[in-house]
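Asker: Got a structure for you, questions after.
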Amino acid sequence: MDRQKVTLRFTLISALIGFMIAVQFQTVTEPKVRDTRDIWQLREALLKEKEMQYQLLTEIRSYEEKLSAYESKRKQSKEQALKDTYLELKQETGLTEVKGPGVTLEIEPVIEDIKLGYTPTSTVPPELLKRLVNELNMYQAESISIDGQRIINTTVIRDINTETKIDGHTIKDLPIEIKVIVKDFATAEKLYNRMNVSKAKDEFFTESLRLSVTKPSTEITVPAYENPIRIRYMESVKEGGGS
Amino acid sequence: MWLPVVGLIAGIVLGLLTEIRIPDEYSNYLSIAVLAAFDTLFGGIRAYLQNIYDEKVFVSGFFFNIILAASLAFLGVHLGVDLYLAAVFAFGVRLFQNIAVIRRILLTKWSTNKEKLEKS
């Protein structure tokens, strides 16, 4: 047996043991300075800490008061009112993402109708979509998106070179999803029932498309309108009203 | 054979200098690991003196004993029984036995050496 090798092994192992002992020793003797205060000294210390706590609490209270004063001032200011109005208008025009109760409609090609050598329609006639949107609006729809495109007041749905376009977005891949958000869940249920018995289904079917309505859900997300809104025939009113 | 002692001291110094502290919950495991390591070390020394030392047995025994002891302690913590006491007992007994054997061997060696010296 190689004596040197054995010694090396023993040395390594004993170094490891030494390391472990040192770590253990340090862990056990964690508090280096022993607390030797008697009960009166402890009470004094406690009293000091309590005073400190009281002081801090009063400070916190004063800061909170200041904060609430500033907050109320800010709320009453003109700037906040303007901001609120701006946000409201933005929501109304459809420039923000909307979440709420509503239903999801799906348009898909009728698979049973597919014949050999005949490609199923991959687009939806714009007239149908327009009628559908009108119908949805009739039943108190608040926000609508078709295939991820938000429908706003100036949205156009039209046929350009046999492609159905919604504000420049082409509808190509069926099935597509139409998300509709309404005011509350009861309205959503009403909308669901009405859409189930509406004529729109038959109209879609004549174009070899199936319109299916999913059960109303409490949380549906309609994306924001992405393109910039062009205003051509509107001008801001000048101060003083001397138009 | 002074090198292992130097190693031990070096290990202690290193451990004190690095200031590593393990959480209180795990100090049990470390203590039992230290015990297991000691047991293996003395077992190795004894085997070396009896000329039955095997490097594989020594090194594997070192790690295996530590792991076994720690897992026994772990099991004990989870069963609510102080199972680590079993490991402490076993290692303690073996430690005493090993040290006793080492002492006897060294004594015999010493006395034979003395006799040889007296004869010559």
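The values are calculated or read from the model by the stated rules, or taken from the named source; none is laboratory data. This one's a predicted model, so the numbers in the text were calculated from it and none came from an experiment. Counting neighbours? That spans all protein chains shown, and the Cβs are built from the backbone with ideal geometry, glycine included.
Asker: Assess whether B:F89 counts as being free of Cβ contacts under 8 Å to residues at least 40 places away in the same chain, within 17 Å of the chain's Cα centre (by Cα) and surrounded by fewer than 11 Cβ atoms within 10 Å (Cβ to Cβ).
Answerer: Answer is yes for this residue.
Asker: Still on this structure, please answer the following. Which of the helices (runs of 4 or more DSSP H) contained wholly in the range B:1-114 include at least 2 residues that are more than 10 Å from every other protein chain (Cβ to nearest Cβ)?
Answerer: So the answer is B:27-49, B:55-79.
Asker: Which numbered condition trips up A:Q24, out of (1) part of a loop (DSSP other than H, G, I, E, B); (2) within 14 Å of chain B (Cβ to nearest Cβ); (3) of a type in the set (S, T, N, Q)?
Answerer: Of (1) part of a loop (DSSP other than H, G, I, E, B); (2) within 14 Å of chain B (Cβ to nearest Cβ); (3) of a type in the set (S, T, N, Q), only one is false for A:Q24: (1).
Asker: Residue check, B:P23 against (1) modelled with pLDDT under 85; (2) within 13 Å of the chain's Cα centre (by Cα), all met but one. Which one?
Answerer: (2)
Asker: Check A:F10 against each of (1) more than 14 Å from every other protein chain (Cβ to nearest Cβ); (2) among the aromatic types (F, W, Y); (3) surrounded by 10 or more Cβ atoms within 10 Å (Cβ to Cβ) and name the one condition it does not meet.
Answerer: Single failed check for A:F10: (1).
Asker: Let me ask something else. Can you confirm whether the range A:70-92 contains a residue that is in contact (Cβ under 8 Å) with a residue 40 or more places away in the chain and not in a helix (DSSP H, G or I)? First the steps, then the outcome.
Answerer: Step one: list which residues in the range A:70-92 are in contact (Cβ under 8 Å) with a residue 40 or more places away in the chain, which gives none.
Within the range A:70-92, not a single residue is in contact (Cβ under 8 Å) with a residue 40 or more places away in the chain and not in a helix (DSSP H, G or I).
Asker: Quick one: is A:K5 in a helix (DSSP H, G or I) and away from chain B (no Cβ under 14 Å)? If you could, list the steps in order and put the result at the bottom.
Answerer: Working: in a helix (DSSP H, G or I): yes; away from chain B (no Cβ under 14 Å): no.
Against the criterion (in a helix (DSSP H, G or I) and away from chain B (no Cβ under 14 Å)), A:K5 does not qualify.
Asker: I've got another one for you. With respect to B:R94, is the statement that it is under 21 Å from A:S14 (Cβ atoms) and exposed (fewer than 15 other Cβ atoms within 10 Å of the Cβ) true?
Answerer: No.
Asker: Still on this structure, please answer the following. Among the listed residues A:R194, A:R210, identify the single one that is in contact (Cβ under 8 Å) with a residue 12 or more places away in the chain, closer than 26 Å to A:P101 by Cβ, over 23 Å from the mean Cα position of the chain (by Cα) and in a helix (DSSP H, G or I). Show your work before the answer.
Answerer: Working: A:R210 fails: in a helix (DSSP H, G or I).
Matching residue, one of A:R194, A:R210: A:R194.
Asker: Only one residue in A:T154, A:T96 is more than 15 Å from A:V222 (Cβ to Cβ), of a type in the set (S, T, Y) and part of a loop (DSSP other than H, G, I, E, B), so which one is that?
Answerer: Values: A:T96 fails: more than 15 Å from A:V222 (Cβ to Cβ).
None of the other options fit; the residue is A:T154.
Asker: Same structure again: When you go through (1) in contact with a helix residue (DSSP H, G or I) (Cβ under 9 Å, 6 or more places away or on another chain); (2) surrounded by fewer than 13 Cβ atoms within 10 Å (Cβ to Cβ); (3) among the charged types (D, E, K, R) one by one for A:R158, which number turns out not to apply?
Answerer: (2)
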